[in-house]
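Notes for the one structure printed next.
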Amino acid sequence: MADATLSSMTVAELATLIKAKDVSPVDVAEAFIERTASTEPQLNAWITLLPEATRAAAKQAEADIVAGGYKGPLHGIPIGLKDLFWTKGVRTTSGSAITKDFVPSEDATVVAKLQDAGAYAFGKTSMVEYAYGGSEHNDLYGAPKNPWDLAHVTGGSSSGSGAAVAAGQVPIALGSDTAGSVRAPAALCGLSGHKPTYGLISRFGVSPLSWSMDHVGPLAHTVEDVAIAMNAMVGFDARDPGSANRAPEDYLAALQADLRGLRIGVLEDDFIWDVTVPEVKAAFDQAVTQLTTLGAAAEGVSIGNLDRISAAQVTITTAEANTYHHEMIQRAPELYHPVVRRRIEAGFFMPAAAYVQAQRVRATFDERYASLFETFDLLVTPTTPSPAPVANGLNVRLPNGEMPSRELVRLTRVFNPNGLPAITVPCGFSGDGLPMGLQFVGPRFSDAQVIGAAHAYQQSTDWHKRRPVF
Amino acid sequence: MGQSELDKETFLILARQAGFDPADPHLDDLFPDVQLMLGRMDVLFGTPTDGFEPGYRSPEGGA
């Protein structure tokens with residue numbers, strides 16, 4: 001029987017054991033395979049599992065390490081890949097019936113980079129069809145359940161990645177984030193999740209939702225694990241037209257930072273607080289107090305008119321998604337999930353001027369955010385307006401009523417059009433035992449600072465050490 | 001007239017132009033989504049954007 005404690009460990013903890021040869025990558029693989037076998041029937045976090053490939057990769061990693069070829073903290077670590085990352089020879093469905101048999105001939109750049117660092121694919125995680133939704137069900141593959149309470153949603157669209165890491169099926173997973181699809185499931189599942197600056201991580205081989213706002217990012221138990229993954233994933237890629245060619249940074253080194261003297265803007269916009277439930281507000285306020293205790297200077301600030309950038313984000317997504325799906329959805333509309341189908345088809349009715357005006361609104365927020373970041377180093381908000389709710393059709397149930405499930409990404413989507421780095425970390429638990437998230441946002445390419453600040457906060461709490469009893 | 005004020009008759013004309021069968025009952029489901037989408041346009045066109053050109057800046061922050 002595999003060592004069950006391994007499946008509750010972080011990447012950093014596993015790496016320490018593997019590097020010291022106290023544990024073999026084969027032991028690690030067997031622990032996660034066993035954990036997945038016992039939990040997946042209830043959780044439904046995966047579209048494709050790769051147990052044989054996992055065992056082969058773990059055996060190879062063991063041989064390489066024994067031979068003195070240790071590559072670093074990801075060597076011998078299994079990773080969950082949202083099923084829109086191309087994997088050579090392994091089907092990549094994007095959560096859809098239309099592409100259910102698509103088998104890429106090469107890996108996504110980010111998958112190849114993780115493999116170069118010694119990690120390997122454990123499987124392909126479930127997701128909202130074509131990443132177009134905050135929490136809706138996936139009728140074809142089934143919706144993942146939240147390990148903290150199986151009756152509650154995980155958030156999406158990287159729903160399986162959130163569920164799998166939270167349940168200890170893998171120690172880390174990849175997601176994509178166009179409106180909050182890394183941060184929302186991370187927050188609702190009690191994880192740390194980072195949406196990097198647009199352009200830092202290659203999108204080549206990642207099935208698109210909205211080219212100009214899609215971001216690749218990791219979900220893990222800790223910010224330290226996020227930093228480990230970032231060190232392997234970041235880098236210029238000529239095959240991604242939006243890729244940024246910048247000098248590499250060491251995100252693990254950024255973990256040495258502290259919060260003393262950091263100027264933090266605490267968002268006061270009604271847009272943030274209109275739908276946020278009191279439990280989240282209370283946890284957020286406590287977190288802000290903690291940030292000041294750690295030496296940060298926190299001050300209230302309003303960005304203003306966030307409904308405008310929110311509308312721009314939705315408009316740009318509608319237009320770009322419709323363009324990408326233009327031919328497929330006319331050929332086989334019945335193969336799409338009804339909700340996703342309508343969202344895409346709505347784009348047929350969008351005047352060109354609306355897309356252009358959304359880009360102009362986006363430009364006004366480039367200026368607004370730049371101005372704010374002259375005064376503040378970071379902004380903070382709750383990550384989601386509520387803990388993981390229960391789904392009711394296209395709505396989710398809250399203590400004070402219902403709201404459309406898309407509102408789960410209300411507080412995250414406003415930072416996507418401008419490509420800002422944003423990370424979520426757990427900042428408390430509701431009375432029902434559901435996790436809540438704190439979001440840090442910084443100026444473009446300040447990922448090291450964002451990660452460093454989130455880590456400093458996380459080190460002063462123990463929320464990230466909790467695991468669901470499941 | 002606000003951008004969001006699309007009546008069903010106009011919607012069906014636009015739907016035909018977009019290649020839909022106007023008799024398809026699916027359009028009854030799609031109509032509210034289109035209205036919701038057009039409703040956002042009022043917010044966008046109500047935003048002062050004088051002096052701002054469309055287009056996303058490159059990741060390096062240039063033009």
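Since every read-out is calculated from the coordinates, none of them should be taken as a lab result. Here the structure is a predicted model, which means the values were calculated and not measured. A quick note on method: Cβ atoms are made from the backbone with ideal geometry, for glycine too, and the neighbour counts reach across all protein chains shown.
By the Kirkwood approach, averaging reciprocal distances over each pair of separate Cα atoms, chain A gets a hydrodynamic radius of 21.8 Å. Other residues with beta-carbon under 10 Å from the beta-carbon of A:Gly205 carry, at +1 per Lys or Arg and -1 per Asp or Glu, a net charge of -1. Orientation-averaged projection of region A:168-225 equals 4.1 nm² [convex hull of Cα atoms, one quarter of hull surface area].
Each Lys or Arg adds one and each Asp or Glu subtracts one; over the other residues with Cβ under 12 Å from the Cβ of A:Asp177, this totals +4. Listed from fewest to most Cβ neighbours within 10 Å, the set A:Asp366, A:Asp447 follows the order A:Asp366, A:Asp447.
Taking the protein assembly as shown as the region of interest, the number of lysine pairs whose Cα atoms are within less than 21 Å, with members eight or more places apart or on different chains, is 24. Taking other C-beta atoms within 10 Å as the exposure proxy, A:Met328, A:Met233 rank A:Met328, A:Met233 from fewest upward. Applying the Karplus relation 6.51 cos²θ - 1.76 cosθ + 1.60 with θ = phi - 60° to region A:163-174 yields 3J(HN,Hα) values of 5, 5, 5, 4, 7, x, 7, 9, x, 7, 8, 9 Hz, where x marks Gly and Pro. For region A:428-441, the Karplus equation 6.51 cos²θ - 1.76 cosθ + 1.60, evaluated at θ = phi - 60°, returns couplings of x, 10, 6, x, 8, x, 9, x, 10, x, 10, 9, 9, 10 Hz by residue, with Gly and Pro reported as x. Residue by residue, region A:81-98 carries 3J(HN,Hα) couplings of 10, 3, 7, 10, 8, 4, 10, 4, x, 10, 4, 10, 8, 6, x, 10, 5, 5 Hz when phi is fed to the Karplus relation 6.51 cos²θ - 1.76 cosθ + 1.60 (θ = phi - 60°); x denotes Gly or Pro. The helix-only estimate of mean residue ellipticity at 222 nm for the protein assembly as shown, built from DSSP H runs of length n ≥ 4 each weighted as -39500 (n - 2.57), is -12000 deg cm²/dmol after division by the residue total. The ranking of A:Lys100, A:Lys124, A:Lys82 by Cβ neighbour count inside 10 Å, starting from the fewest, reads A:Lys100, A:Lys124, A:Lys82. The H on the amide N of A:Asn146, modeled in the peptide plane, is under 5 Å from the matching H of A:His152, A:Thr154, each at least 5 residues off or on a different chain. Taking amide hydrogens as placed 1.01 Å from N in the peptide plane, the amide H of A:Tyr120 sits under 5 Å from those of A:Ile77, A:Ile79, each at least 5 positions away in sequence or on another chain. Starting from the amide H of A:Trp46, placed 1.01 Å from N in the peptide plane, find each other amide H under 5 Å away whose residue is 5 or more places distant or on another chain. Under 5 Å from the amide H of A:Trp46 lie the amide H atoms of A:Ser126, each far enough along the sequence or on another chain.
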